[in-house]
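For reference, the structure discussed in these notes is given below.
What follows is calculated from the coordinates using simple rules that are stated; it is not laboratory data. The structure displayed is predicted, hence computed values, not measured ones. So basically every Cβ, Gly included, is an ideal-geometry build from the backbone, and we count neighbours across all protein chains shown.
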Amino acid sequence: MNKRNSKLKSDMNSLEKILQSEAARSFNRKKHLIETNALTVEEIDTIIDTASLLKLQKANNLFPLSLLRTKHIALTFYENSTRTKSSFAIASSNLGANTVNLDINTSSASKGESLEDTARTLTAMGVNAIVQRHSANNSARDLANALADKVAIINAGSGQSAHPTQALLDYFTMLEEKGELTGKRVCILGDTRYSRVARSNVSLLTKMGAQVCLCSPAQLMADDLKSDNITTTKDIREALSGADFVMALRIQLERQDAGIVIDKEEYIKNYQLNYDRLKLASKNVKVLHPGPVVRSLELESALVDDYQYSLIEKQVANGIFVRMAVLALLLSEQCSD
Ligand code: CP
């Protein structure tokens, strides 16, 4: 066997090893992925290790795999999406699974069928996992409770409460830059109040040892996230000081209460992340954004494409491997007891 083939064989063996590990089995027993705070450190490490190995396999032209060859994965997106929906579809295909892409506008949801009945219908057809996005905070949890162990529910974004695969791919991308996050300073900047990305990241990043600071104007501050674990400030200079990562967030107009009015010019003046402000951060600071980016509002436009700072494209690319890892760990028979 030549050196390359031997390496590929050892990568495949490593994947099998991870899938059969205790942490993989423990995540698999949970059946669903609803929010990051339900994950243990070992489970998070296992998802990241799996994603890293899958990324290596992609580099070695090993896709598509046949790990989920007999599985059906339904994508039910009741809210718009470009990144999450497409990357779950590609992740499923890379694992050999079939994807059922439910177009909500032409589905029977438009005739009044409930989320639960839609999910039960798909499950009765033999769907193994439902990847759901919905505007209600408890949508994924309620579905998981209702369907129990009949089908895996993967939360692809629920209201302002959780977006676990986004936080996992953010963490994976940060780890690739710095090796570990213990003691690293992460500034989450902008509309934290209405952000499911902020909530999932705060829970995951603090668990993995990062020092998290939320920086928002008063109207957009996630007061529910204030705790001894994190710092919060309205002062962008204080928040950026020494930051290793800055994660800028979109202002989520679609989730804001009618009473809140954001003056965009004021926001840009006080909170836009630009080159000048980045000088306050650490020398090798990196910039993240979950997307979609509204250029020239939350970020100075040129920063988005400036690869000295921007990890935005890497986040998108890494999303495939993290979602493959989640699907593989939840659905592969190799992980089940
Ligand atoms: N970050 C994210 O969830 O993007 P989409 O809304 O495009 O899926």
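In table form, for the structure just shown:
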| quantity | calculated |
| --- | --- |
| Burial ordering of THR40, THR50, fewest other beta-carbon atoms within 10 Å first | THR40, THR50 |
| Computed lengthening from ASN105 to ASN284, 0.36 nm per intervening residue step minus Cα-Cα distance | 60.0 nm |
| Cα centroid of segment 307-333 to Cα centroid of segment 219-255, whole Å | 24 Å |
| All lysines inside 30 Å of LYS283 as judged from Cα atoms, apart from same-chain residues fewer than 8 positions distant | LYS55, LYS178, LYS184, LYS207, LYS226, LYS234, LYS264, LYS269, LYS314 |
| Separation in nanometres of the label points that stand 7 Å from Cα toward Cβ, at THR40 and GLU116 | 3.1 nm |
| At least 15 Å along the helix axis (C-alpha) and Kyte average at least 0.5, DSSP helices within the chain | 312-331 |
| Placed amide H near ILE154: partners under 5 Å, 5+ positions off or other chain | LEU33, ILE130, VAL131, GLN132 |
| Kirkwood-based shape ratio for the chain, expressed as Rg/Rh from alpha carbons | 0.97 |
| Cross-link partners of LYS17 among aspartates and glutamates (Cα-Cα below 16 Å; sequence separation of 8 or more within a chain) | GLU42, GLU43, ASP45, ASP49, GLU333, ASP337 |
| Low-density loop cleavage sites - GluC sites (Glu not before Pro) in segment 1-99, where at most 16 other Cβ are within 10 Å (DSSP) | none |
| Relative contact order for segment 132-199, counting Cα pairs under 8 Å that sit 6 or more residues apart, in percent | 32 percent |
| Additional length obtainable on full extension of the chain from ALA124 to GLU176, 0.36 nm per residue less Cα span | 14.7 nm |
| Charge dipole of the chain about the Cα centre (unit charges at C-beta), most positive-ward option of MET247, ASN13, TYR171 | ASN13 |
| Value of relative contact order over the chain, rounded to a whole percent, pairs C-alpha under 8 Å and six or more apart | 21 percent |
| GNM top mover of LYS286, LYS207, LYS269 - the chain, alpha-carbon springs below 10 Å | LYS269 |
